[in-house]
Amino acid sequence: MTTVLESGLASQQTHALVIAVDHYLFCGPERSRPGPFQHYAKHLTDLSSPSESATTVATWLCDHLIDDPYRPLGSLELLISARQPMQFDAGSGPAPVEGATFQQTEDAFNRWYDRCDRNPDNVALLFFFGHGCRIGQDDVLLLADVGSNPNAFFTNAWDFRRTQLAMRDCRCQTQCSFIDTCRSNVEEQLDVVPDSARSFRQPSTTFAPRKHAPMVYSTTAGADALTPRGRPSPFALAVLDALSGLAAVETNQYWEVRTADLATTINRVLQWNRHPDSEGEPQVADSGGSHPGDSVIRVLREAPQVPFRITCAPEEAIASAQLRLCRAAEELVRSPCPEPWQGRAPAGEHQLKAGFPLGDYHSREAPVGIRPPNRTYALEVRPV
């Protein structure tokens, strides 16, 4: 098993399950088997982004949550199916990482569930990176050994919707899921009726109240996700930005990352990070009809660093502007440049000052509020 971290404490904690599938044992042009799903299996090629996304997420969890004063990281389950064996260092040296077949994932899920269930004040985090699809109205996550039975292709696929219904029985009140897969409807690509995927747990027949349980998907139903080669996905990075503080709201002297703001923030970060020359429709994250509630995931004692873009109006004035962003004893400076000023500054009220060494515009200053998740501002100036 790959429990890369477990504290063994019973106090209020965060428990994480991170799953990635790069390598599919029975799919792809060279590995698919004859049968009614052969054509579909051939198009499920290996990936390289999921393993990068998973290790980036796992590293962030260890770096930011192990000593978190609100809900420290109590355990981390990490499963990665890649072409080569993977290792991960959670702080005590590199350790082998188990793959993500159906059985391995079910075992890890049950260990994670049991830890989450110990305390209603725990926070449960689940991440999945790999291939996925929709069967009817259900999201199905494809694990490493999907297609092992060519006549019952989806036997080793994960029925995520049904599993999430079963999560209502878990005592943990705050449950966040981040799913980075394509969500196209598989029935449109098949000549036969697909068999059923399997759930790791069965929902109970007794009433189970809704939790604070946002499910954030990397794309909308029916759409494909972005899977860059050899680097973390835009969705994975947007999720970590949100958890780092871009989904935070100020409460008294603290900043709280809350479940209610996750999906909206992740979407805004995705759009912010999108390259201006990108072609095609922008990637849009989706809450999947989940019930996000409004519970606290993290508490930050310092203001988060917020991305900003600052320019001038008229826009051509930015080329000769000497810009200063001031807050208390802190000051950020940008020399004249024809591009908008991009950077990060602590959330809060700042004073923006623009000087023009060439004397072509009047100096100007104005208050600028910089708040999560990002801020765009154009300072109006007058020519001399």
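The values are calculated or read from the model by the stated rules, or taken from the named source; none is laboratory data. Note that the structure is a prediction, hence the values are computed from the model and not measured. So basically every Cβ, Gly included, is an ideal-geometry build from the backbone, and we count neighbours across all protein chains shown.
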Qualifying residue in region 344-366 (condition: under 28 Å from residue 268 (Cα atoms), of a type in the set (Phe, Trp, Tyr) and not in a helix (DSSP H, G or I)) = no
Is at least one residue of region 50-67 in contact with a strand residue (DSSP E or B) (Cβ under 8 Å, 6 or more places away or on another chain), buried (at least 24 other Cβ atoms within 10 Å of the Cβ) and of a type in the set (Ser, Thr, Tyr)?
-> yes
Among (1) in contact with a strand residue (DSSP E or B) (Cβ under 9 Å, 6 or more places away or on another chain); (2) not in a loop (DSSP other than H, G, I, E, B), where does residue 70 come up short?
-> (2)
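Specify which of the listed residues (225, 242) is in the same structural domain as residue 269 (by TED's automatic domain parsing), of a type in the set (A, V, I, L, M, F, W, C) and either more than 15 Å from the chain's Cα centre (by Cα) or assigned to a helix (DSSP H, G or I) (or both).
On the way: 225 fails: either more than 15 Å from the chain's Cα centre (by Cα) or assigned to a helix (DSSP H, G or I) (or both).
Exactly one of 225, 242 is in the same structural domain as residue 269 (by TED's automatic domain parsing), of a type in the set (A, V, I, L, M, F, W, C) and either more than 15 Å from the chain's Cα centre (by Cα) or assigned to a helix (DSSP H, G or I) (or both), namely 242.
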Across region 329-382, what is the number of residues that are without any contact (Cβ under 8 Å) to a residue 24 or more places away in the chain and either hydroxyl-bearing (Ser, Thr, Tyr) or more than 30 Å from residue 237 (Cβ to Cβ) (or both)?
-> 10
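Yes/no per residue for (1) part of a helix (DSSP H, G or I); (2) in the same structural domain as residue 117 (by TED's automatic domain parsing); (3) within 19 Å of residue 112 (Cβ to Cβ); (4) not hydrophobic (A, V, I, L, M, F, W, C):
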site	(1), (2), (3), (4)
27	no, yes, no, no
33	no, yes, no, yes
75	no, yes, yes, yes
79	no, yes, yes, no
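Could you check how many residues of region 84-126 are of a type in the set (A, V, I, L, M) and without any contact (Cβ under 8 Å) to a residue 40 or more places away in the chain?
Initial filter on region 84-126 (of a type in the set (A, V, I, L, M)): 86, 90, 95, 97, 100, 108, 123-126.
Next, only the ones that are without any contact (Cβ under 8 Å) to a residue 40 or more places away in the chain stay: 86.
Of the residues in that region, 1 qualify.
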Does any residue in region 196-215 that is without any contact (Cβ under 8 Å) to a residue 24 or more places away in the chain and not assigned by TED's automatic domain parsing to the domain that holds residue 257 come within less than 9 Å, Cβ to Cβ, of a residue that is assigned to a loop (DSSP other than H, G, I, E, B) and among the polar types (S, T, N, Q) six or more places away or on a different chain, and which pairs are these?
-> none
Residue under evaluation residue 83, criteria (1) in a loop (DSSP other than H, G, I, E, B); (2) at pLDDT below 90; (3) within 26 Å of residue 237 (Cβ to Cβ); (4) not polar (S, T, N, Q), criterion not met | (2)
Among residues of region 43-68, those that are touching a residue at least 12 places away in the same chain (Cβ under 8 Å), charged (D, E, K, R) and out of contact with any Gly (no Cβ under 7 Å at 6 or more places or on another chain), counted = 1
Test residue 309 against the stated conditions and say whether it is under 27 Å from residue 270 (Cβ atoms), assigned to a strand (DSSP E or B) and not aromatic (Phe, Trp, Tyr).
-> yes
Pick from region 11-43 the residues that are under 27 Å from the mean Cα position of the chain (by Cα) and surrounded by fewer than 15 Cβ atoms within 10 Å (Cβ to Cβ): which of them is modelled with the highest pLDDT?
-> 43
Residues of region 305-341 being crowded, with 19+ Cβ neighbours inside 10 Å and touching a His at 6+ places or on another chain (Cβ under 8 Å), in sequence order, are 325
